[in-house]
Each structure stands twice: as structure tokens, then as C-alpha cells.
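Asker: The structure is given below, and queries will be raised subsequently.
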Amino acid sequence: MLLLFCIQNSAYAQNDFKAEFAKYDSLVNLSKLVYNGIIIPKWIDSDNFAYETWEKDGSKCYSVNINQKSKKVISKDELPKNQQHNYQRTSQKDTISSPDKKWNAFVLDSNIWIEEAENKDKKEKFKLSYDGTDNDFYTTIIWSPDSKKIAAIKKQDSPMRKIPLIESSPSNQLQPVLQWRDYYKPGDLIPVYKPALFDVATKSKIEINTKPFENQYYLKFGKWAGDSNSFTFEYNQRGHQVYQLVSVNAGNGETFVVVDERSPTFIHYARIYTYYTKDGKNVIWASERDNWRHLYLIDLKTGDIKKQLTKGEWVVRDIVKVDEKAGYIILSGNGKNQASGEDPYNMHYYRLDLKNGNITDLTPENANHKAYFNSNYQYLVDVYSRPDMPATSVLRSAKDGKVIMEIQKSDITELLKEGYTMPEVFKTKGRDGKTDIWGTIYRPLNFNPAKSYPVVEYIYAGPHDSFVTKDFYPYMRFSRLLEMGFIVVTIDGMGTANRSKPFHDVAWRNLKDSGFPDRIIWIKEAAKKYSYIDTNRVGIYGYSAGGQSTMAALLFHGDFYKVGVALCGCHDNRMDKIWWNEQWMGYPIGPWYSENSNADNAHRLTGKLLLINGELDTNVDPASTLQVVNALVKADKDFEQLYLPGYGHNLGDNYVTRKVFEFLVKHLKQ
């Protein structure tokens with residue numbers, strides 16, 4: 001089933017890389033030599049789940065009854081189907097009924113109206129607002145629980161920037177097609193959202209002072225209080241250094257800042273979490289105010305912190321379930337076991353007792369865990385592994401983590417017979433001499449430590465997350481490159497998420513850093529331990545933000561990185577999408593944007609560079625790469641470019657991958 005080839009140094013002398021690349025088409029079948037591997041269970045009901053797995057005789061499906069601790073073979077047709085969700089947007093034609101069903105509210109001609117719901121013969125309409133216009137109009141309508149007030153959001157619109165994309169080779173005609181895409185960029189004028197309040201009885205607007213909240217990236221409605229005396233909204237100040245939860249008095253429109261998050265660098269607003277307690281008195285809020293993402297119980301009336309619910313040098317990731325009645329929170333987190341030597345990026349699931357503050361690790365094994373809870377959150381299927389440890393799947397109690405039943409355990413006997421070399425999780429101290437930097441070393445099949453291997457770093461250093469794979473996968477997107485005689489490494493350097501706030505802050509106004517001081521130390525330390533790693537032959541490649549980092553490696557660290565392939569890179573953050581770039585680079589635009597620009601620093605290029613991007617990329621403006629090309633030409637720099645007709649942001653097909661690996665082989669192996 002699996003045909004493997006030993007690479008010979010003379011193979012490349014034949015200048016037939018295409019044929020050499022094709023030799024490794026069968027590598028994907030490595031995954032089929034892992035039996036009972038990673039599963040994705042699907043709950044049928046609270047007592048039964050089903051899953052599909054791969055065994056020696058092929059694909060098998062099972063259903064499991066947790067009460068009987070039994071499983072049986074089922075057909076694939078019996079697997080639960082994925083649920084379909086139909087999402088609908090609110091439009092100006094929508095009618096919103098009041099909770100008491102006496103009124104209907106709607107937007108007409110950019111203003112808010114209400115009409116009687118009960119009088120079928122003659123429904124009288126009342127206009128509540130008079131200040132709506134075509135470009136400053138009301139959108140969201142939210143009734144108070146007592147049906148006496150309406151909260152609304154008014155949108156002051158702004159024209160969106162459009163970027164041109166030229167489809168050079170359309171399938172239905174000879175001539176090129178010019179396409180336009182809506183695309184806000186850093187510094188652009190963007191819409192402003194304002195909260196509004198109306199009294200139904202008097203048919204009047206209660207004024208809210210919105211001036212403090214107009215320098216915004218966005219503003220969104222929060223929640224009405226159960227007693228209808230107030231509602232909240234969330235305000236994200238432009239530049240992402242202030243994020244506030246604001247309460248509005250429904251009687252007089254006065255505002256009160258309940259939570260005031262501030263940072264001299266940035267607030268990672270995608271990680272904001274808000275849960276309003278059922279009594280309407282408190283909010284559970286996620287914050288990095290102590291340099292680690294934790295949960296706080298905050299009084300909605302006073303803004304006081306009643307209790308820090310989680311604390312310590314670890315990170316709360318996702319909140320799975322809040323059960324106020326039973327008094328617990330189920331959450332995921334990472335880093336809690338770092339003191340014992342565990343990889344701090346490994347995900348664990350915890351049960352937090354809201355009464356005494358005790359936290360129980362429901363998934364205690366040294367591994368990266370993925371949990372699937374049943375509908376009443378009494379049980380979970382825990383699938384855990386590491387890059388160097390195949391998967392195990394167990395059924396656990398969601399109360400204490402006790403293993404109720406082992407579902408399956410991976411068998412990699414056949415994989416090892418094929419000469420598979422287990423990846424190695426490797427750590428060393430970073431640039432500060434104190435902080436552990438973690439990554440993974442991948443070696444080829446039938447690895448020979450007596451040989452010398454060039455090393456390639458596969459990079460993605462976007463600050464919005466961490467990216468080194470923490471699970472066991474025998475086949476990776478760079479597996480072919482391994483078999484061509486390389487060692488590949490993946491590293492999470494400083495500037496990425498899921499560690500401390502100072503670790504993350506390295507990225508602020510500094511995306512060109514990309515954690516390179518840590519990455520270079522990491523690779524050099526690995527080479528000290530393993531003499532077969534040749535640090536005189538180091539390459540790098542990556543996509544999107546990884547493409548930006550790849551070129552930055554050659555511009556700012558060309559003494560170490562000798563060859564790079566940058567795919568669909570956002571090479572100048574002024575050219576890229578607003579939401580991602582202003583989050584890390586800030587607003588307004590300052591000189592640091594240019595300092596981090598690959599285009600403005602193109603004259604620094606050393607080493608061998610290949611730029612690849614697609615002409616129809618709607619994620620990263622293709623002009624960003626072309627501006628780099630222009631700057632390189634003006635600087636009289638040698639480089640190669642592959643500009644792909646019809647391609648978008650996804651550049652992962654075999655043709656592009658072959659060109660990437662061919663470039664790395666050409667300049668690092670020959």
C-alpha cells in the first residue's frame with residue numbers, strides 16, 4: 001500500500017525535480033498506518049455517541065452507550081449528521097415584537113417606528129426617531145424585558161475602500177475581467193455606531209452622550225438588565241488600547257463604565273468574553289489585567305471586582321459551560337502544568353467550583369486534549385495526543401475527570417515498521433534567557449544521524465494565536481520535504497498568543513520581529529544537541545503572515561536564513577486588511593508601519609527569495625507582493641517570482657508546493 005523511496009544526492013543532478021516530487025505521492029498513506037487514531041465523536045443523545053475510525057481492515061464506525069460501557073459496529077449511514085444552521089441578518093424590513101406582544105418595532109426610511117400589534121383593523125404607527133438619514137441610520141432594535149423601552153444602534157456609514165483584482169484568464173472569455181472587492185485598510189474611515197434609547201409611552205428619544213465612544217473600531221449592544229432599568233454595550237476604541245463595557249441608565253440615558261480595560265500596547269479583543277449572571281447583578285469577564293488571561297466576577301452596578309475566579313501563570317482559553325445553579329464553570333486552558341515540565345501549549349479542560357474556587361483538571365495526562373461534552377455536561381469524550389505520542393480516546397466524568405471507559409488507543413506498529421521517525425518536542429530559553437520557547441523537530445523516514453541535514457523552518461507567526469501542531473499526525477504538509485533530505489522545524493516564538501501578556505506584546509508595532517531572536521536561538525541550540533543539523537544551510541517558508549515573516553527573515557536576519565519562499569504575504573501592513581493589522585500595529589498609522597514593511601526594507605535583501613501569490617487573493621491584496629517586486633527591482637536585487645492566474649489566497653495545491661520545495665532543494669541541497 002505504501003511505497004517509500006530513499007533519496008540519493010545524485011537524483012537532483014538529473015534536473016528532474018517534477019519526477020522526484022511525484023515519487024512521494026504515497027506519503028499521504030502514512031496516515032493509514034495509524035490504526036485507532038484521532039477521532040471526532042458525535043453525540044447522539046446524552047447517553048450515546050458515535051464515531052468513525054481507521055482500523056487494519058479499513059474504516060469502521062461505532063456507537064457507544066455510556067451506561068452499559070459498550071460499543072457496537074454501525075454503518076456509516078447511521079452516523080449522526082452535522083447540524084445545519086440557517087443564519088439570518090436583520091434588515092430594515094424586519095419587524096421586532098415587544099415581549100408583551102403589544103407593539104411591533106421596525107426601521108422605515110432610516111428611522112425607528114412602532115405600531116400596535118393587537119388592533120387588526122387599524123394599526124396606528126408612531127415615529128420614535130427623526131434623525132435617521134441614508135448614511136446615518138438605525139439598524140439594531142432591542143426591546144426591554146418590560147416592553148417599555150427600546151435600545152437601538154445607529155450606524156453612521158462610510159464608503160468602503162475597494163481594491164481591484166484582475167482575472168487575467170477567465171474560463172468563459174478571452175479578455176481579462178476587472179473585479180472589485182470591498183476591503184478596509186489601516187487608517188481608513190470606517191462606520192461609527194452609536195447607542196440610542198427610546199421611551200415607548202412618551203414616544204420620545206432619551207438622549208445618550210455618545211461623544212466618549214465615537215473614536216471606535218466598533219460598538220455593539222450587550223444585554224438588557226432583567227429589571228429593564230439599564231442595558232449595556234461594548235466599546236472597542238480604535239487602536240485597540242481601550243475596551244469598555246458600558247451600562248446605560250434606561251431612565252435618563254446616563255452612562256457608566258462598568259469595565260475599563262486599558263493597555264499601553266493592545267487588547268486582544270477577539271479574546272474578550274462576557275457572561276451575564278441570571279440575577280442581572282454581575283458579569284463574568286475575561287481579562288489579561290494581571291498579564292495572564294483569567295476570569296473575573298464583576299459587579300454590574302459598581303464595576304467592582306467581586307472575585308478573581310481563576311489566577312496563576314497560565315491562560316484561560318475557552319469557556320465551555322457556565323452552570324450557575326450547580327455552581328461550576330467548565331473551561332479549557334493551557335500552561336497550568338508548565339512547572340512540571342509539560343509543554344505550556346497543551347490544552348487541558350478544567351472544572352471550576354464557583355463556591356470554593358477549586359479547579360479540577362478533568363484531563364490530567366501530559367498531552368494536548370480535545371474534549372467533546374454531552375448535552376448535559378455530565379460526560380466528555382477526551383481525545384489526547386502529542387506530536388511524539390499517538391492518540392488515546394477515553395470517556396470521562398465531567399465532574400472529576402475519572403475515566404469511565406477507554407474507547408480506543410492508537411496502534412502505530414505498522415508505521416514504525418516503515419521507518420517512521422517520531423517528531424521531537426524541543427524547548428530552549430529565548431532571547432531573555434528565562435522564557436522557554438517550544439517547538440517541534442521533524443526528521444525523515446529512516447533517518448540517518450550520520451548524515452548532515454539542511455534545516456527548513458515552516459513559519460506562521462501571526463499574533464492572533466499559537467501555531468505549532470500539538471497533536472500526533474504522521475503526515476504533514478511538509479512531509480515530502482523531509483524525504484528530500486531535510487529536517488523541518490516549527491516554533492512558537494515571542495509575539496504569538498497563548499502565553500503571558502508580555503510574551504504577546506513583543507508583536508506590538510513590531511511584526512517584523514516574528515519571534516526571530518527566539519527562533520534562531522532555538523535552532524542553534526537544537527544544532528548543539530544534534531550535530532547533523534547544518535545551521536549553515538537554513539531555509540524558511542510560510543503562507544500569508546508566514547509569507548511576510550519569511551521575507552522579513554531574509555531582510556533582517558539574512559546572516560542566518562539563507563533561502564526563503566514567501567507565499568501570499570502581507571508585506572506591508574498598510575496594504576492589508578484593517579481588522580488584523582490595526583490590532584497589532586495600532587492606529588493612527590505611524591512610522592513603525594514603514595519600519596516593518598518588507599517593501600520599504602527590500603534593499604536589505606540577502607539570500608535567495610521566491611515570491612508566490614495569486615492574482616485573485618481576497619484575503620491579502622495582491623498588490624502588496626507586487627509593490628515588493630517593484631522595490632526589489634529598484635534596489636537591483638535578484639529574486640524569483642511566481643504570480644499565479646486564477647489563484648486566490650489558498651496556495652496549497654501540488655503545483656505550488658512542488659515549486660516551493662524545488663526552490664528550497666535547489667538552493668540548500670545542490
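Asker: Kindly establish whether Arg480 is more than 24 Å from the chain's Cα centre (by Cα), surrounded by fewer than 22 Cβ atoms within 10 Å (Cβ to Cβ) and touching a residue at least 60 places away in the same chain (Cβ under 8 Å).
Answerer: No, not satisfied.
Asker: So His571 clears everything in (1) assigned to a loop (DSSP other than H, G, I, E, B); (2) open to solvent by 40 Å² or more (accessible area, probe 1.4 Å); (3) not aliphatic (A, V, I, L, M) except one condition, right? Which one?
Answerer: (2)
Asker: What tally of residues in the range 185-222 results from selecting those that are surrounded by fewer than 17 Cβ atoms within 10 Å (Cβ to Cβ) and under 24 Å from Tyr275 (Cα atoms)?
Answerer: 2
Asker: So which of Asn598, Asn619, Asn613 is in contact with a His (Cβ under 8 Å, 6 or more places away or on another chain), outside any helix (DSSP H, G or I) and open to solvent by less than 10 Å² (accessible area, probe 1.4 Å)?
Answerer: Asn598
Asker: Taking the conditions exactly as written (touching a strand residue (DSSP E or B) at 6+ places or on another chain (Cβ under 8 Å), open to solvent by 40 Å² or more (accessible area, probe 1.4 Å) and more than 25 Å from Glu640 (Cβ to Cβ)), does Ile533 satisfy them or not?
Answerer: The answer is no for Ile533.
Asker: Which of (1) farther than 26 Å from Phe21 by Cβ; (2) open to solvent by 40 Å² or more (accessible area, probe 1.4 Å) does Glu582 not meet, given it meets every other one?
Answerer: With (1) farther than 26 Å from Phe21 by Cβ; (2) open to solvent by 40 Å² or more (accessible area, probe 1.4 Å) applied to Glu582, the lone miss is (2).
Asker: Quick check: anything in the range 647-656 small (Gly, Ala, Ser), part of a helix (DSSP H, G or I) and surrounded by fewer than 24 Cβ atoms within 10 Å (Cβ to Cβ)?
Answerer: Checked the range 647-656: no residue is small (Gly, Ala, Ser), part of a helix (DSSP H, G or I) and surrounded by fewer than 24 Cβ atoms within 10 Å (Cβ to Cβ).
Asker: Let me ask something else. Of the residues that make up the range 269-280, is at least one free of Cβ contacts under 8 Å to residues at least 40 places away in the same chain and either in a strand (DSSP E or B) or more than 27 Å from Thr360 (Cα to Cα) (or both)?
Answerer: no
Asker: Among (1) open to solvent by 20 Å² or more (accessible area, probe 1.4 Å); (2) closer than 30 Å to Lys205 by Cβ; (3) not in a strand (DSSP E or B), there is one condition Ser129 misses while meeting the rest; what is its number?
Answerer: (1)
Asker: Within the range 485-511, track down each residue that is under 24 Å from Asp318 (Cβ atoms), out of contact with any Lys or Arg (no Cβ under 8 Å at 6 or more places or on another chain) and of a type in the set (S, T, N, Q).
Answerer: Passing the criteria: Thr490, Thr496, Ser500.
Asker: Right, another one. Which one is surrounded by the most Cβ atoms within 10 Å (Cβ to Cβ), of the residues in the range 103-126 that are at pLDDT below 95 and not acidic (Asp, Glu)?
Answerer: Taking the candidates together, the pick is Ala117.
Asker: Could you give every pair whose Cβ atoms fall below 7 Å, whose first residue belongs to the range 396-423 and is touching a residue at least 24 places away in the same chain (Cβ under 8 Å) and open to solvent by less than 30 Å² (accessible area, probe 1.4 Å), and whose second residue is among the acidic types (Asp, Glu) and assigned to a loop (DSSP other than H, G, I, E, B), counting only separations of at least 6 or pairs across chains?
Answerer: Pro423/Asp388
Asker: Taking the range 622-646 as the search range and keeping residues that are part of a helix (DSSP H, G or I) and of a type outside the set (A, V, I, L, M, F, W, C), which one is nearest to Arg161 (Cα to Cα)?
Answerer: Ranking the qualifying residues of the range 622-646, first place goes to Ser624.
Asker: If you take the residues in the range 53-72 that are open to solvent by 70 Å² or more (accessible area, probe 1.4 Å) and not polar (S, T, N, Q), which one is farthest from Arg477 (Cα to Cα)?
Answerer: Ranking the candidates gives Lys69 first.
Asker: Can you tell me which residue in the range 255-270 is surrounded by the fewest Cβ atoms within 10 Å (Cβ to Cβ), limited to those that are aliphatic (A, V, I, L, M) and farther than 12 Å from Leu300 by Cα?
Answerer: It comes out as Ala270.
Asker: Are there strands (runs of 3 or more DSSP E) fully within the range 285-356 with at least 2 residues that are under 29 Å from Arg386 (Cα atoms)? List them.
Answerer: 294-299, 315-323, 328-334, 347-353
Asker: Just the residues that are assigned to a strand (DSSP E or B) and buried (at least 20 other Cβ atoms within 10 Å of the Cβ), please, taken from the range 245-254.
Answerer: Leu245, Val246, Ser247, Val248 - these are the residues of the range 245-254 that are assigned to a strand (DSSP E or B) and buried (at least 20 other Cβ atoms within 10 Å of the Cβ).
Asker: What's the number of the only condition in (1) open to solvent by less than 30 Å² (accessible area, probe 1.4 Å); (2) not in a helix (DSSP H, G or I) that Pro588 fails to meet?
Answerer: With respect to (1) open to solvent by less than 30 Å² (accessible area, probe 1.4 Å); (2) not in a helix (DSSP H, G or I), Pro588 is out only on (1).
Asker: Would you list the strands (runs of 3 or more DSSP E) that sit entirely within the range 152-237 and hold 3 or more residues that are touching a Gly at 6+ places or on another chain (Cβ under 8 Å)?
Answerer: Per the criteria, 230-237.
Asker: Still on this structure, I have one more. Pull up the range 223-244, narrow it to residues that are under 26 Å from Trp579 (Cβ atoms) and among the polar types (S, T, N, Q), then point me to the one that is surrounded by the most Cβ atoms within 10 Å (Cβ to Cβ).
Answerer: That would be Thr232.
Asker: What pairs come up if the first residue lies in the range 623-640 and is more than 26 Å from Tyr183 (Cβ to Cβ), the second is modelled with pLDDT of 95 or more, and their beta carbons are under 6 Å apart, counting only those six or more places apart or on different chains?
Answerer: Listed by first residue and then by second, the contacts come to Ala635/Ala602; Ala635/His603; Lys637/Leu605; Phe639/Leu609; Phe639/Leu632; Glu640/Leu610.
Asker: Of the residues Arg480, Arg431, which is of a type outside the set (Phe, Trp, Tyr) and touching a Leu at 6+ places or on another chain (Cβ under 9 Å)?
Answerer: Arg480
Asker: Ok, one more. With the structure loaded, tell me whether Arg509 is closer than 21 Å to Tyr458 by Cα, touching a helix residue (DSSP H, G or I) at 6+ places or on another chain (Cβ under 9 Å) and open to solvent by 30 Å² or more (accessible area, probe 1.4 Å) or whether it fails that test.
Answerer: no
Asker: Sticking with this one: All but one of (1) in contact with a Leu (Cβ under 6 Å, 6 or more places away or on another chain); (2) surrounded by fewer than 17 Cβ atoms within 10 Å (Cβ to Cβ) hold for Asn366, so report the exception by its number.
Answerer: Failing condition for Asn366: (1).
Asker: Taking strands (runs of 3 or more DSSP E) that fall entirely within the range 402-476, which contain at least 3 residues that are within 27 Å of the chain's Cα centre (by Cα)?
Answerer: In the range 402-476, 424-429, 436-442, 453-458 are the strands (runs of 3 or more DSSP E) which contain 3 or more residues that are within 27 Å of the chain's Cα centre (by Cα).
Asker: Report every pair of residues separated by at least 6 positions or lying on different chains whose Cβ atoms are under 6 Å apart, first residue within the range 448-469 and at positive phi, second modelled with pLDDT under 95 and open to solvent by 50 Å² or more (accessible area, probe 1.4 Å).
Answerer: none
The values are calculated or read from the model by the stated rules, or taken from the named source; none is laboratory data. Small disclaimer: the values here were computed from a predicted structure and weren't measured. Cβ: placed from backbone, ideal geometry, glycine included. Neighbour counts: every protein chain shown. Ligands, DNA and RNA are excluded from the accessible area calculation, which covers all protein heavy atoms including side chains. Shrake-Rupley method; radii C 1.70, N 1.55, O 1.52, S 1.80 Å.
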